[in-house]
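S.K.: Pasting in a structure now, in structure tokens, and then I'll have a few things to ask.
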Amino acid sequence: MAPPSVLPACFTPRPATETNVLGLPEKRPITNVGKVVAVSSAKGGVGKSTVAVNLALAAARQGITIGILDTDIYGPSIPTLLNLEGMEPDLDPNNRLLPLTAYGVKAMSIGFLIPQDSPVAWRGLMVQKAMNQLLFEVSWPKLDLLILDMPPGTGDVQLTITQSIELAGAVIVSTPQDLALRDAVRGVDLFKKVGVPILGMVQNMSTFTCTNCGHHHDIFGLDGVRKKCDELGINLLGDVPLHARICHDADAGKPTVVADPDGPQAQAFRDLMEAVGETIGLP
Amino acid sequence: MSLKDVKHIVLVLSGKGGVGKSSVTTQLALTLSLKGHSVGVLDVDLTGPSIPRFFGIENEKVRQAPGGWIPVPVHAAQNGHGRTNGNGDAAHTNGLAKVHGSLACMSLGFLLGDRGDAVVWRGPKKTAMVRQFLSDVLWGSLDYLLIDTPPGTSDEHISLVETLLKEATLEQMAGAVIVTTPQAISISDVKKEINFCRKTGVNILGVIENMAGFVCPNCSECTNVFSKGGGQVMAQEFDVPFMGSLPIDPMFIRLIEEGKKPVYPEGTVIDGQAMQTNGHADSDEAETAGLLVEKYTACSLYPLFDGMVTQLLSKIEP
């Protein structure tokens, strides 16, 4: 069966009455979904997808009904991280996409709709349309929490999302490196500009402990995120050390929280989910 | 047309964010400069312009001339005679004075009011900015123009390739260097980038695998923090040249963030070359003196880049 096409067949253009006077889209709720949290960072490669997936898995273990939406149109990572590569979603009777399930988490990504090696060389307008479909044309079951794995940058995707739905908050991920923080600060600025509450920052890839000799190395700098949080007056939600297993397990499609649930890395992710849950008022 | 005196244009691409495109672009630029070429760097990453930070010229402003913008200089050409600082005294060069070509760069970062300002633009505005960067910057006569891109295959990339194919000749377009890390999610994004190049007719010069391993300075054990081997396997699968693997070198990060010359523990040998050791603690001033390009030659990544650039040059200028 050919994968459902991303546009026209499933896409129903919104009627004119749903835009306000200025022509901007009105915010709509996503059917069946409770709270929505964005895991973001204007900087690429800091671990947004890895953190988002492990957060979702930690939430599942806490008994929260959880879904994850991969909003990275150009480089969708969720299919690989959840071992769902090459799988195609079915459609429900209303022609909406049915999310796939892995490890108790419902997931949707453009990676399921487009052949894996094909580049998505789209201009902004097509990205907007695809984004709308991913936001509103997915048939989620009743979810307490939907996590959005955001792409890097501060452009069309971020704008479309913040203009189209109500976000309970944003979690900004960064490594301690100055270069990453400078872009992460823009991410914070973006959410402030559009009025989304910043739940806090996550310091990822913080300290590396050599498995051979036990020496600690702050490869990407020491505590940069912690200091930035103090400076900006936002919470430091969690600290995840740099450990080869996190990447290794993620690559294998069995993220840390599932592959090594009792290890210290999984604990770091569970602590992080608890902190996020507490901040947004989840049971 | 401002690109007419540029001999070779090289794009630095990656489907994935955070693999080190800006890092690689910076090092390619420094290495080309050390081989005596005049180099320009265009930073087209509009939402995360990092290049000024890498070259340590963040606080510089762009000057305007009647014909357009003047790219911000990083260092002037140095042809081997003694260099002096402003007052005519021999400049403290940390013992590393080298011959190098001129280096200049252009980035949206210079035009922003505040470094922390978010550039939240939709596609059409980004497209217009990229076109303007290509047509309105007075590069002058350059051997190499390196273009640092944002991750993905979006508006910036499409308009970049479109404009270049229109404004630059086929001889000028040397091709693209693709950067990845060894992990699976990077590889899968990079495959898309390779296919993007093939679809748009951009020649792929090679794939560089970055962050391939961290060597503990204490015990020399190499840990593959971002998995292993993916880059080479992918290059073979896609039949593109594999240029090499780069390890994580915290000394390079320190050089960029603090401006300090790289030093390594006693006895470190990379590629057969003994690295500068930290037998005695240099004063802060001695550690940070000198141009970036000179301090970079003490970095363990420099010999690796030297090899890769030699390879590149033999392909581009056979």
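The values are calculated or read from the model by the stated rules, or taken from the named source; none is laboratory data. Please read all numbers here as calculations on a predicted model, not as lab measurements. Reconstructed Cβ throughout: ideal geometry from the backbone, glycine too, with neighbour counts over all protein chains shown. Ligands, DNA and RNA are stripped out before the accessible areas are found, and what is left, the full protein with its side chains, is counted by its heavy atoms. Shrake-Rupley method; radii C 1.70, N 1.55, O 1.52, S 1.80 Å.
S.K.: Being part of a loop (DSSP other than H, G, I, E, B), free of Cβ contacts under 8 Å to residues at least 60 places away in the same chain and crowded, with 19+ Cβ neighbours inside 10 Å is the filter here, so list the residues in the stretch B:248-262 that pass it.
M.R.: Those that are part of a loop (DSSP other than H, G, I, E, B), free of Cβ contacts under 8 Å to residues at least 60 places away in the same chain and crowded, with 19+ Cβ neighbours inside 10 Å: B:249, B:262.
S.K.: From the list A:279, A:256, pick out the single residue that is under 18 Å from residue A:78 (Cα atoms) and polar (S, T, N, Q).
M.R.: Just a single option satisfies the conditions, and that option is A:256.
S.K.: I want to confirm something. Restricting to the stretch A:235-272 and keeping residues that are part of a loop (DSSP other than H, G, I, E, B), away from every other protein chain (no Cβ under 14 Å) and touching a residue at least 24 places away in the same chain (Cβ under 8 Å), which single residue is farthest from residue A:82 (Cα to Cα)?
M.R.: Restricting to residues being part of a loop (DSSP other than H, G, I, E, B), away from every other protein chain (no Cβ under 14 Å) and touching a residue at least 24 places away in the same chain (Cβ under 8 Å), the top hit is A:235.
S.K.: If you don't mind, there's one more thing I want to ask. Could you pull out the residue among B:92, B:75, B:81 that is open to solvent by 10 Å² or more (accessible area, probe 1.4 Å) and at pLDDT 90 or above?
M.R.: Unique residue meeting the criteria: B:75.
S.K.: Could you run through the stretch A:34-93 and say how many residues are in contact with a Cys (Cβ under 9 Å, 6 or more places away or on another chain) and of a type in the set (A, V, I, L, M)?
M.R.: Residues in the stretch A:34-93 being in contact with a Cys (Cβ under 9 Å, 6 or more places away or on another chain) and of a type in the set (A, V, I, L, M): 1 in total.
S.K.: State all residues of the stretch A:168-198 that are of a type in the set (A, V, I, L, M, F, W, C) and either within 7 Å of chain B (Cβ to nearest Cβ) or on the phi > 0 side of the Ramachandran plot (or both); if no residue qualifies, say none.
M.R.: Answer for the stretch A:168-198, where residues must be of a type in the set (A, V, I, L, M, F, W, C) and either within 7 Å of chain B (Cβ to nearest Cβ) or on the phi > 0 side of the Ramachandran plot (or both): A:179, A:185, A:190.
S.K.: Please find, within the stretch A:133-156, the residue that is surrounded by the most Cβ atoms within 10 Å (Cβ to Cβ) out of those that are at the interface with chain B (Cβ under 9 Å from one of its Cβ atoms) and under 15 Å from the mean Cα position of the chain (by Cα).
M.R.: Only one residue tops the list, namely A:153.
S.K.: Another question about this same structure. Residues being outside any helix (DSSP H, G or I) and either open to solvent by less than 10 Å² (accessible area, probe 1.4 Å) or of a type in the set (Ser, Thr, Tyr) (or both): count how many of those fall in the stretch A:103-131.
M.R.: 7
S.K.: For the stretch A:228-241, name all the residues that are open to solvent by 60 Å² or more (accessible area, probe 1.4 Å) and touching a Cys at 6+ places or on another chain (Cβ under 8 Å).
M.R.: The one that is open to solvent by 60 Å² or more (accessible area, probe 1.4 Å) and touching a Cys at 6+ places or on another chain (Cβ under 8 Å): A:235.
To keep it simple, each residue is scored yes or no on (1) at pLDDT 95 or above; (2) within 14 Å of chain B (Cβ to nearest Cβ).
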site	(1), (2)
A:75	no, yes
A:80	no, yes
A:88	no, no
A:107	yes, no
A:110	no, yes
A:119	no, yes
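S.K.: How about the stretch A:45-70: which of its residues are open to solvent by 10 Å² or more (accessible area, probe 1.4 Å) and either touching a Ser or Thr at 6+ places or on another chain (Cβ under 7 Å) or within 11 Å of chain B (Cβ to nearest Cβ) (or both)?
M.R.: Across the stretch A:45-70, the qualifying residues are A:45, A:47, A:48, A:49, A:50.
S.K.: Next question, about the same structure. Counting just the residues of the stretch B:1-14 that are in a loop (DSSP other than H, G, I, E, B) and open to solvent by 10 Å² or more (accessible area, probe 1.4 Å), which one comes out modelled with the lowest pLDDT?
M.R.: B:1
S.K.: Just give me the residues in the stretch A:199-227 being away from chain B (no Cβ under 12 Å), farther than 23 Å from residue B:52 by Cβ and open to solvent by less than 20 Å² (accessible area, probe 1.4 Å), in sequence order.
M.R.: Of everything in the stretch A:199-227, those that are away from chain B (no Cβ under 12 Å), farther than 23 Å from residue B:52 by Cβ and open to solvent by less than 20 Å² (accessible area, probe 1.4 Å) turn out to be A:199, A:200, A:201, A:202, A:203, A:206.
S.K.: Name the single residue, out of those in the stretch B:33-54 being open to solvent by 10 Å² or more (accessible area, probe 1.4 Å) and over 30 Å from residue A:117 (Cβ atoms), that is nearest to the other protein chains (Cβ to nearest Cβ).
M.R.: Filtering first and then ranking leaves B:53.
S.K.: Across the stretch B:220-242, what is the number of residues that are within 10 Å of residue B:207 (Cα to Cα), surrounded by fewer than 22 Cβ atoms within 10 Å (Cβ to Cβ) and out of contact with any Phe, Trp or Tyr (no Cβ under 8 Å at 6 or more places or on another chain)?
M.R.: 3
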